[in-house]
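Single-structure report; data block below.
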Ligand SMILES: [Zn+2]
């Protein structure tokens with residue numbers, strides 16, 4: 001498995017180098033320091049994007065607070081139409097792959113149906129352990145434990161498709177496209193879900209909120225890719241895609 005920004009953010013606490021992994025030879029220490037520095041640089045250049053990454057991949061509550069107040073000041077600049085703050089907070093959820101309220105009923109029924117068995121969670125833990133091993137983490141290290149928690153939370157709380165558990169495929173012997181997510185692995189919210197979640201009419205949404213939502217969403221993605229590019233540039237690791 002090649003290292004992605006997602007994995008890098010999940011595996012490394014940007015704020016500190018743990019003694020556990022830092023003590024394993026000069027090379028890994030250097031690498032760790034490089035990562036910490038790369039995160040710090042991303043925060044400096046694309047602060048909003050950096051915090052979005054921390055929300056998306058680490059479920060970091062401090063970063064979520066930052067992102068929420070950023071969204072609030074964005075609304076204030078636009079003259080605060082009714083439901084605006086709420087709408088933008090749901091845009092953040094969408095960008096971070098969190099389900100919207102209007103999706104929960106459907107998601108919960110899928111979870112009940114496909115995630116009830118112990119086996120469903122075991123396979124998620126297996127996957128997390130495999131990633132940890134491939135990245136040279138000890139099974140009982142803080143990072144490996146947090147990775148397991150993060151992977152489980154993703155299944156329980158994010159928009160990961162409960163039927164295929166994010167793989168996009170179903171069937172044990174003969175694989176076929178998952179009919180619930182149509183092979184995407186996620187149940188992404190759309191504008192209709194957003195409208196239903198803030199409980200406003202389509203006419204109101206189109207008149208007062210649509211432009212705001214579209215602009216803010218674009219801004220979120222630009223900031224996130226800005227932060228990702230800084231991290232990539234700083235780490236200069238060929239395996240980083
Ligand atoms: Zn699926």
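The values are calculated or read from the model by the stated rules, or taken from the named source; none is laboratory data. Given the structure is predicted, the values throughout are model-derived calculations rather than measurements. Cβ placement follows ideal geometry from the backbone for every residue including glycine, while neighbour counts extend to all protein chains displayed.
Observations
- Taking the conditions (1) modelled with pLDDT of 95 or more; (2) closer than 28 Å to residue 54 by Cβ; (3) not in a helix (DSSP H, G or I) in turn, residue 222 satisfies each one other than (3).
- Among residues of the stretch 162-182, those that are free of Cβ contacts under 8 Å to residues at least 60 places away in the same chain, in a loop (DSSP other than H, G, I, E, B) and within 11 Å of the ligand (Cβ to nearest atom), counted: 11
- Residue check for residue 163: closer than 27 Å to residue 104 by Cβ and within 21 Å of the chain's Cα centre (by Cα): yes
- Matching residues, the stretch 168-195, being modelled with pLDDT under 90 and closer than 20 Å to residue 155 by Cβ: 171, 172
- Only a single criterion out of (1) surrounded by 14 or more Cβ atoms within 10 Å (Cβ to Cβ); (2) more than 8 Å from the ligand (Cβ to nearest atom); (3) part of a loop (DSSP other than H, G, I, E, B) is not satisfied by residue 205, namely (3).
- Unique residue being in contact (Cβ under 8 Å) with a residue 40 or more places away in the chain, more than 16 Å from the ligand (Cβ to nearest atom) and surrounded by 16 or more Cβ atoms within 10 Å (Cβ to Cβ) when the list is 135, 159, 153: 135
- Close pairs (8 angstrom Cβ cut-off, 6 or more residues apart or separate chains): touching a residue at least 60 places away in the same chain (Cβ under 8 Å) and more than 14 Å from residue 213 (Cβ to Cβ) in the stretch 183-196, part of a loop (DSSP other than H, G, I, E, B) and within 8 Å of the ligand (Cβ to nearest atom) anywhere: 186/161; 186/166; 187/161; 187/180; 187/181
- Matching residues, the stretch 183-200, being within 16 Å of the ligand (Cβ to nearest atom) and closer than 16 Å to residue 94 by Cβ: 184, 185, 186, 187, 188, 189
- Listed by position, the helices (runs of 4 or more DSSP H) contained in the stretch 21-131 that have at least 1 residues being more than 24 Å from residue 199 (Cβ to Cβ) are 26-45, 47-58, 61-77, 101-114.
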